[in-house]
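Scroll down for the structure; my scribbles are underneath it.
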Amino acid sequence: MSGTGPPRSEPGAREAPQHLSAGAWVGYLIFALILLFEIVIDAQAAFDGEWANFTGVTVFTLAFLVVPTGGLRWLLRRAAQARRPTRRGFHR
């Protein structure tokens with residue numbers, strides 16, 4: 001049955017870019033608005049000289065950025081690689 005199934009692609013052919021669904025864009029927009037709100041609160045705390053609030057909001061904002069974007073997974077993977085003993089004859 002040669003006419004069934006999706007067409008095969010050439011080895012050197014470029015694939016069409018995949019677009020995000022509408023729900024993904026809404027999620028990114030909500031994420032950006034919350035982040036913008038946190039930055040405004042952080043700037044207001046710094047302007048008022050409330051350094052404890054500034055530090056707390058800054059740490060929360062960094063955690064809010066690192067966890068959903070995969071930065072935490074990258075950081076943990078790097079830490080695990082650094083702790084792994086190297087094999088004999090292999091140097092990094």
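Taken together, the values in this text are just the output of simple stated rules run on the coordinates, not laboratory data. Everything quoted here is computed from the prediction, not taken from an experiment. Reconstructed Cβ throughout: ideal geometry from the backbone, glycine too, with neighbour counts over all protein chains shown.
In a reduced charge model with +1 at each Lys and Arg Cβ and -1 at each Asp and Glu Cβ, segment 23-83 shows a dipole moment near 600 debye about its Cα centre.
Computed over the Cα atoms of segment 23-83, the ratio of the radius of gyration to the Kirkwood radius (Rg/Rh) comes to 1.12. Net charge in the neighbourhood of residue 70 (other residues with Cβ under 15 Å of its Cβ; Lys, Arg +1, Asp, Glu -1) is +3.
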